[in-house]
1. What full-extension length gain, to one decimal in nm, is calculated for residue 249 and residue 94 as 0.36 nm per residue of separation minus the Cα-Cα distance?
2. Full extension from residue 260 to residue 118: what is 0.36 nm times the residue separation minus their Cα-Cα distance, to one decimal in nm?
3. Around residue 252, with a cut-off of 10 angstrom between Cβ atoms, what is the net charge of the other residues, counting Lys and Arg +1 and Asp and Glu -1?
4. For the chain, give the magnitude of the charge dipole about the Cα centre (Cβ charges: +1 Lys/Arg, -1 Asp/Glu; no others), in debye to the nearest 20.
5. Find out how many positive minus negative residues lie around residue 70, taking Lys and Arg as positive, Asp and Glu as negative, among other residues whose Cβ is under 15 Å from that of residue 70.
6. What is the extension gain from residue 108 to residue 10, computed as 0.36 nm multiplied by their sequence separation minus the C-alpha to C-alpha distance, in nm to one decimal?
7. With all distinct Cα pairs included, what does the Kirkwood hydrodynamic radius of the chain come out to in Å, to one decimal, could you say?
8. Using the basic label-point model (7 angstrom from Cα toward the beta carbon), what is the residue 312 to residue 215 distance in nanometres?
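Nothing in this text is a laboratory measurement; each read-out follows from the coordinates by a stated rule. Computed from a predicted model, the values in this text were never measured in an experiment. For neighbour counting, all protein chains shown are included, and Cβ atoms are generated from backbone atoms with ideal geometry for every residue, glycine included.
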Amino acid sequence: MTAPNPRIATVTLPYGIAAIDAAAAVIADGGCVAVPTETVYGLAADAGDSRAVAGIYAAKGRPGFNPLIVHVPTLAAAQALAAFDDHALRLARAFWPGPLTLVLPVRDGAGIAALATAGLPTIAIRVPAHDAMQALLARTGRPLAAPSANASGSISPTRAAHVLRSLDGRIPLVIDAGATMRGIESTIIACIDGQVRELRPGPVTRAAVAALLDVTVGGAGAGIEAPGQLASHYAPSKPVRLNATDRRDGEWLIGFGPVAGDDSLSPGGDPVEAAARLFDALHIADASAATGIAVARIPDDGLGAAINDRLRRAATRG
Ligand code: TXA
Ligand code: MG
């Protein structure tokens, strides 16, 4: 992918006070920085500054219609931006801070750039659990729009090195706090008009949401409600074959449980470990000399549903 702007020097700083100070200065100046969350690294900018938000889209090479997740430090800060119904309130109290994004009606006068919500009457909002993102929120005092910190259409980053793979020379700063804990993007739940719908599976399972609220959780509607869910969104540069039991000629095999491979998502068959390793394993496979990627079958229960959702997208080349 070619850079939309002249290349700039990208600095990587270890997470700490100096890194947060530097990042806050970039954000106050209308720029964007890569910062870890507990799910994946995000590319953060001031959600109230439309030029800054445009800078995120430019760095990612992302289609302009794709709305972003707005990160805030607390539920109270979220309530200033969005209208919470009873379902949303209970979900926030149970799962925040954490890997859950709520899509809710945006409040009038919330002060969020229309570009961040792609002009929708709703806003995707979450309170992240990672110290680095929380420190940046505290230091800037601003809601931060942050999509995953990768160029559009490439694999989500769970390490600073993954961010650099597609955004080196396109952003000024990466805060490095090592591998992210969850390794997979947040669950997205829409609470609108009394309905609860899962727009993107993730670490907070649909079953956990249904159990907490004692309601039926619907799926995404017919239209593309989470446009980032385009089929090929997670595609590596090589063909991906799913449900593999062995390695074919030229392939890199990503194993799981009893299927050993060049690598394994979890030799013990643990879906939590597999989710945390998923994008790392895809990055390694993509960077290998192999001409194709095969992935062992992952059972569809619990977190397996989110993993398989990402894998099906990785296998769809568009
Ligand atoms: O874990 C995460 O959620 C990470 C970290 C950085 O927080 N962020 C992330 O952002 O995955 P992104 O931009 O890669 O994915 C955001 C998703 C997209 O599928 C987008 O279409 C959807 O959220 N989205 C945002 N606003 C929406 C809205 N108002 N209605 C429906 N979907 C929305
Ligand atoms: Mg993304």
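1. Gain in length upon complete extension: 51.0 nm.
2. 46.8 nm
3. -2
4. 540 debye
5. Summing Lys/Arg as +1 and Asp/Glu as -1 gives 0.
6. Residue separation times 0.36 nm, minus the Cα-Cα distance, leaves 31.6 nm.
7. Here the Kirkwood hydrodynamic radius works out to 19.7 Å.
8. If labels sit at residue 312 and residue 215, their model points lie 2.4 nm apart.
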